[in-house]
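The values are calculated or read from the model by the stated rules, or taken from the named source; none is laboratory data. Predicted model, so just to flag it, every value in this text is computed and none were measured. In this analysis, Cβ positions are derived from the backbone assuming ideal geometry, glycine residues included, and neighbour counts consider all displayed protein chains.
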Amino acid sequence: MSNFSKAFSSTLGKKLIMGLTGLFLSLFLVVHLIGNLQLFKDDGGKAFNEYSFFMTHFTPIKIVSYLLYASIILHAVYALILTTANKKARPVGYAVTKGEANSTWSSRNMGILGTILLIFIVVHMSNFWAQYHWGKLPYARYEMNLNDATDVQVTELPFDGKHLVHSQYVDTQKGTEVVVAKDLYKIVSESFKQWWYVVLYVVSMIAMGFHLYHGFQSGFQTLGFDHSKYKPLIDFLGLWVFSIIIPAIFAAMPLYFFFLK
Amino acid sequence: MILDSKIPEGPLAEKWSKHKFNLKLVNPANKRKYTVIVIGTGLAGASAAASLAELGYNVKAFCFQDSPRRAHSIAAQGGVNAAKNYRNDGDSVYRLFYDTIKGGDYRAREANVYRLAEVSVDIIDQCVAQGVPFAREYGGLLDNRSFGGAQVSRTFYARGQTGQQLLLGAYSALNRQINEGKVKMYNRHEMLDIVKVDGKAQGVITRNLITGEIESHAGHAVLLCTGGYGNVFYLSTNAMGSNTTAIWRAHKKGAFFGNPCYTQIHPTCIPVSGDHQSKLTLMSESLRNDGRVWVPKTREMAEKVRKGQLKAADIKEEDRDYFLERKYPSFGNLVPRDVASRNAKEAFDDGRGVGSSGKAVYLDFADAIKRLGKHAVEAKYGNLFDMYYQITDENPYEMPMRIYPAVHYTMGGLWVDYNLQTTVPGLYALGECNFSDHGANRLGASALMQGLADGYFVIPYTLGDYLATIGPKPVDDKHPAFAEAKKGVEETVNKLLALNGTKTVDEYHRELGNIMWEYCGMARNEAGLTKAIGLIQELKADFWKNAKVLGVNEEFNMSLEKAHRVIDFIELGELMVRDALNRAESCGGHFREESQTEEGEAKRNDDEFAYVAAWEYKGDNVPQELHKEHLVYENVKLTQRSYK
Amino acid sequence: MNLTLKVWRQKNANDKGGFVTYKADSISQDMSFLEMLDVVNEGLTKKGEDPIHFDHDCREGICGMCSLYINGRPHGPKRAITTCQLHMRSFKDGETITIEPWRATAFPVIKDLAVDRSAFDRIQQAGGYVSVNTGGIPDANEIPIPKTIADEAFNSATCIQCGACVAACKNASASLFVSAKISQLALLPQGQPERYRRVQAMVAQMDAEGFGSCTNTGACEIECPKEISLTNINRMRRDYFNAKFFKEEEID
C-alpha cells in the first residue's frame, strides 16, 4: 500500500475525508445561500432563474458541482463506514450512560442528524436539481425595461419539449432586455406552498444547525487545526454563522413562500 | 558462612571505576545466548531489563500488575537527588555520599553509598535523554529544589509526580526492547519461587494470575526488583499489591535477609478514618516547610476536640503545644522524618491526639497564610490541599490539616554484596527490595535515585561478570529442580485453597498490621517485641486453621493471590520483630526505648551494633540465624545526630 | 449510609455475564469507593461467595490501575479524579449505583469489572519511546528546553493510562491516550529524530487494536482524571498527516 492509501485507510485518514468533505459542504452552503437569496427578490424569479442557469452552465462551477456531489456521497459513505467501525469498537454497550455529563447532544447524534440531512438532500435534489436537469420545466420570458429595472413583464411559457431554449438579448427598439429561462422559481414557489414540504425543510434546517454546531468546529479539529488564538473564532463562526444564521435563512425561504406569497 | 561484601580495595572515589575494570566482560556474540529473568518492573526492574536487553541479553520480565507502568515507583512524589551541583551551592558527589551515610545514621556501606552518589549524575542525563519532562527554569535549564532538609538544592523533580515520570522513562526504554524482541514481558504474573540448580539461581516459578497456570521459566540469572514490604503493616503508603512474596520465597531458598526491621515512617500522611481504611495517602514532606505542627496542651482539651465539642481554630495560642518547635528549636518543624513521626506518636500516646480517632496531630497553615497570603500558599501547596480536601472533606485553608505517620519505605531487604548479588549465586536484588544503600534511614528523594542507579548503571556491569564466569551453557526448565519447585508451589496453592475457616485473609492481614504497628513501629522495647513474636506465631497457626480462601487455582482468584502474600507477610513480620529485638539500639528510623539519651532522644550504639544483620533461613517455624557484616568506616567520622 | 449496588459479574472472558444486585449497608461517608467495595467483598467472602473482582493498586490516583464505569461515567461522577479517589460522600443514602467494566473491543473483560488494557502497552511498544541506550548520554543541561514547551510536554505526560478516555468515548476511541503519549515526545527536542516514525507506528497500532475513531465529542477530556486536553489529539493529527503526506519516512 502506498503511504497515501495507508493514510486514508487509517481512522485518522477516514476522518480526514469526513472533515474535508464536511468543510467543503459547509463552504458550499454559503454560496448556495447567497444564490438562493435571489428568491426573496420580487422580480417574478428572473434573478433566481438566471442564477440557476449560470450555476448549471458555467464550466468552472460545473466542475465544482461534481466535487460537491462527490463530497456528499463520500461524506455519507464514510460516515457509514466509520459508524460501523465505531459500533464494532464497542459491541457490548453500557447499561447506564450519562453522555450529557461530558459532551454536547449534537456531538453524540451526528449520525441521526446526518441521516435526516441525507434524506432531505435526496428529496431536495430530486425535486429541484433533477427536475431542472431532466424534468419538463416550463420557461418564463422576462422583459425588463432598460430604463427602469423594476418594470419587468413576465410571461409564462409552458413546457413544449422542442423550441424553448435559454436565451438573452436586448431589444434596442423597445428598449428592453429579454430573458427566456427555465422557470425553476415557479417550481420552488409551488413546492413551498405545500405544508409538509415546509415542515420537512424547517425540520431539516434545524437538524443542519445542530449538525454544524458540532460539525463545523469538529471538521477543523479533524484536520488537526487547533490554535488557542483562532479556535474561539472558529467556534464563534460555527455557532453563529453555521448553526444559527445560515439554517435560519434557509428555513425562512419555505416559510416566506408559504405565508407571504 | 562468612558474608563477603566484595567491596573493592583502594580509595573510596576510585573503587567503582577500578571494580568496573576488573569485572569480566561477556563477549558480544555470546550475550544473546544468555537469558536473564527480571521480577518486577518498577524503576529498578524496568531500567535493568531495558539496559540488559540493550546490551544483547535476552530478558524475561514479570510484573503482577496489568502493565509494567503501574509498579509502585509511580507514586513517588518528591524528586530524585543527583550531585550535579547545577546550583553552584557546594554540592558534590562526596557531599551527597556524606549526607546519605549520615542520614542513614551510619548503618550503610561507604562503598555502596559512594557509588550511588557517583552514578546519580548519569541518571539525570539518562532520564532527560529519554524525554522525562523534569521541571525547568525560564532559561530552559533544569530546575532544582532543596528537599527533606538538605542544605543544597540537588533534587530534580517533575511537579508532584517525579516517580511516574521517571518510571515512564524506564518503561519506554523497556517498551523499545519489547518491540525489538529482546524483552519478553509477562504481565499479571506473580513469582512464587526461585529455582536453584547446583546452588545457583537458574529460574523461577510463576503463577499466571488470570489463568492460574503455574509456569517454569529458566534463565542464567534472576533479578529481584520487587520493591518494599511496608504492607506488612497492613496500612502503609504502599500500593495494595506491593508484597514481599518474591524476596521472601528467595529468602527461604537461601538468600539472607538484611536489616529487616529498618522501616521508614513518614510523618505527613492523611489520618485513618476508620476500620475500613485500606491504605494511607502521603502528602509531600514539603508541607512542613510552612506548616506548624501542634496538639492541644492538655488531655482534657484534646478530648473535647475529639468529641467535636471544640474546634481547632478556637483553641487559644497559649493552649497549643507546638511540640517540635518547643523540643527542637533549631530545626523546629523541619526535623527529620523519624523524629517528627516519633514525637507525633508520643503526643497521641499521651492522649493529646486530635481527630475522631485521636490518632493525628495538627499541621497548621494559619500563620503561613497570614504571612504569605492565601494566594502564595495556594501556589505552593494547592494540589496537596486539594488532595487533602478530597479525602477528608475538610478545607485546610480554614482549619488545620490533621496528619498521621505512616509506613512509607523499608530500608531492609535481601542482603546483597557490592555486586548486588544475594547470598544465592545468580540471584540479585535491586532497588528497595535490597538492603543496601540507605542504612537505617533513607533521605528524601533518594529512593528513586537508588532504584535507577542499580538498574541502569550497576547491574549491567556486575551481572556481566557473573554471566562470564558461569559461561553461556544453555539453561533448561526441564531440569528436575523446576519440577520440584513447581510441585512445592502447587502444594502451597492446594493447602491454601483447602482452607475453609471463618476469617478472611484480609482480617489476618489487618491483625498482623496491628501487631507490627503496635510493637515494631516507631518506638520499640524488648517486652513488646518479645510479646509480638508470640502473637505473630499464634496468628500464623490460626491462619492455617481458620482462614478462608475461596475458589480454585485455574481462575482469576483475588482471594488466593492475597493469601499467598499474607502468609509471607506473617513470616516476615516475625523476622522483623526478631531483628528489632536483636538491635538493642536506637538508630535512624528505629527508636529502641531502652536506648535513649537523658533527654529522651535516640541513642545509637556503634560499639555493639555497627553491623548489618543478615538473617539466614533455617526452616519452617525455626528462628533464622543471625550473621553479621561489620561496617567499616574509613572516610567518615561517626557522630550522633542532633536537631536541638 | 445504605446503598444498592448493581454490579456487572462475569466469570471470565468467555462467560456472558450479567448484573447482580447487592446491598451495601452501613457504609461510611469517609470510605473511598473502593473501600466500600472492599467491605462488600469481605461480606461476600464470609458467605463463601466469590468476591467482586476489580483492578486497583496504588489507591492514590497515579498508577492508573483502577477503572469502573459508575452510574454512567468512568471513575464516577466527580471530575479530575480516579475511582480510588472517589469518596462515598459523593453519593446519597439509599442510592442505587450501577457499576460496569470499561466497555471496548480492545479492552476485553477478564473477570467482573477487570478488563485487559494491554492494548495500551502494545501501542507504546510500537514506538512510544526515544531510542537511546543506557549510558553515553550528554549532560542533561546540554539541551535547553523552553519552560512553556517543557510544561506542555509535562501536561501530556501526566496521563496515567487508565483508559477512562476509551470508556467515556461513544466510539471507544483511544485517541486521547495515544495522542498524549505522542505529544509528549513530539514537543520535546529529544523526541524529534523519531517524531514522524513514531506517530505513524503508534497510530497504526492503535487502529490494529480495534479502537474506534475520534469524532471530537470531547467526552474523553472531561472524564480524564488527569485533565489531558483535546489539543493533544489535534497535534497527533497534524503530525500524522504531515508524516504521511509530506515526509519521506515510511514505515511498514
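Some observations on this one:
- For segment B:115-127, the criterion of being without any contact (Cβ under 8 Å) to a residue 60 or more places away in the chain, within 14 Å of chain C (Cβ to nearest Cβ) and surrounded by fewer than 24 Cβ atoms within 10 Å (Cβ to Cβ) is met by at least one residue.
- Residue match in segment B:159-173 (condition: in a strand (DSSP E or B) and modelled with pLDDT under 95): yes
- Those helices (runs of 4 or more DSSP H) of segment A:168-261 in which 2 or more residues are within 14 Å of another protein chain (Cβ to nearest Cβ) occupy A:195-222, A:231-236.
- Residue in segment B:140-158 that is farthest from B:A250 (Cα to Cα), counting only those that are away from every other protein chain (no Cβ under 11 Å) and outside any loop (DSSP other than H, G, I, E, B): B:R145
- Residue in segment C:121-144 that is surrounded by fewer than 23 Cβ atoms within 10 Å (Cβ to Cβ) and closer than 16 Å to C:M36 by Cβ present: no
- B:R136 crowded, with 24+ Cβ neighbours inside 10 Å and charged (D, E, K, R): no
- Residue in segment C:163-172 that is out of contact with any His (no Cβ under 7 Å at 6 or more places or on another chain), part of a helix (DSSP H, G or I), within 22 Å of C:S131 (Cα to Cα) and not polar (S, T, N, Q) present: no
- Flag if C:D38 is at pLDDT below 95 and either on the phi < 0 side of the Ramachandran plot or not in a strand (DSSP E or B) (or both): no
- Residue that is within 30 Å of A:L157 (Cβ to Cβ), touching a strand residue (DSSP E or B) at 6+ places or on another chain (Cβ under 6 Å) and crowded, with 19+ Cβ neighbours inside 10 Å, where the choices are A:V180, A:V188, A:V198: A:V180
Each row is one residue, and each column tells you yes or no for (1) among the small types (G, A, S); (2) in a helix (DSSP H, G or I); (3) in contact (Cβ under 8 Å) with a residue 24 or more places away in the chain.
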| position | (1), (2), (3) |
| --- | --- |
| B:R342 | no, yes, yes |
| B:K345 | no, yes, yes |
| B:G353 | yes, no, yes |
| B:D367 | no, yes, yes |
| B:A376 | yes, yes, no |
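- Looking only at residues in segment A:203-240 that are touching a residue at least 24 places away in the same chain (Cβ under 8 Å) and of a type in the set (V, I, T), the one that is surrounded by the most Cβ atoms within 10 Å (Cβ to Cβ) is A:T222.
- Flag for C:R235 being in contact with a Leu (Cβ under 9 Å, 6 or more places away or on another chain), in a helix (DSSP H, G or I), more than 10 Å from chain A (Cβ to nearest Cβ) and modelled with pLDDT of 95 or more: no
- Looking across B:K540, B:K562, B:K545, one residue alone is over 22 Å from B:A250 (Cα atoms), in contact (Cβ under 8 Å) with a residue 12 or more places away in the chain, in a helix (DSSP H, G or I) and not aromatic (F, W, Y). It is B:K545.
- Qualifying residue in segment B:35-42 (condition: under 30 Å from C:G64 (Cα atoms), part of a loop (DSSP other than H, G, I, E, B) and of a type in the set (S, T, Y)): yes
- Taken over segment A:86-142, the criterion of being over 19 Å from A:H214 (Cβ atoms), facing chain C (nearest Cβ under 9 Å), in a loop (DSSP other than H, G, I, E, B) and in contact with a strand residue (DSSP E or B) (Cβ under 8 Å, 6 or more places away or on another chain) is satisfied by A:R90, A:Y94, A:A95, A:V96.
- Beta carbons closer than 9 Å, at least 6 apart along the sequence or on distinct chains, pair a first residue in segment C:91-106 that is not assigned by TED's automatic domain parsing to the domain that holds C:C162 with a second that is assigned to a loop (DSSP other than H, G, I, E, B) and basic (K, R) for C:W102/C:R117; C:R103/A:R90; C:A104/A:R90; C:T105/A:R90; C:A106/C:R117.
- The listed residues are C:F154, C:F177, and the only one of them that is facing chain B (nearest Cβ under 9 Å), closer than 21 Å to B:S172 by Cβ and of a type in the set (F, W, Y) turns out to be C:F154.
- Segment A:7-28 - residue that is among the aliphatic types (A, V, I, L, M) and surrounded by fewer than 19 Cβ atoms within 10 Å (Cβ to Cβ) and, of those, farthest from A:Q153 (Cα to Cα): A:L20
- Residues in segment C:42-68 that are more than 28 Å from B:L497 (Cβ to Cβ) and touching a Lys or Arg at 6+ places or on another chain (Cβ under 7 Å) were compared, and the one that is surrounded by the fewest Cβ atoms within 10 Å (Cβ to Cβ) is C:G64.
- Looking across segment C:188-222 at every residue that is surrounded by fewer than 24 Cβ atoms within 10 Å (Cβ to Cβ) and under 14 Å from the mean Cα position of the chain (by Cα), the one that is nearest to C:S175 (Cα to Cα) is identified as C:E221.
- Figure legend. Inter-residue proximity from segment C:195-211: first residues at the interface with chain A (Cβ under 10 Å from one of its Cβ atoms) and closer than 21 Å to C:R117 by Cβ, second residues among the polar types (S, T, N, Q) and assigned to a helix (DSSP H, G or I), beta-carbon distance below 7 Å, spacing 6+ or different chains. Indicated pairs: C:D207/A:T11.
- Any pair with Cβ under 7 angstrom, 6 or more apart, that starts in segment B:82-98 at a residue that is away from chain C (no Cβ under 14 Å) and ends at one that is of a type in the set (D, E): B:V93/B:E118
- Checking each residue in segment B:377-393 for being aliphatic (A, V, I, L, M) and within 14 Å of chain C (Cβ to nearest Cβ) picks out B:L384, B:M387, B:I391.
- Qualifying residue in segment B:364-380 (condition: within 24 Å of B:G444 (Cβ to Cβ), at pLDDT 90 or above, surrounded by 22 or more Cβ atoms within 10 Å (Cβ to Cβ) and within 26 Å of the chain's Cα centre (by Cα)): no
- Residue in segment B:181-196 that is in a loop (DSSP other than H, G, I, E, B) and within 23 Å of B:N81 (Cβ to Cβ) present: no
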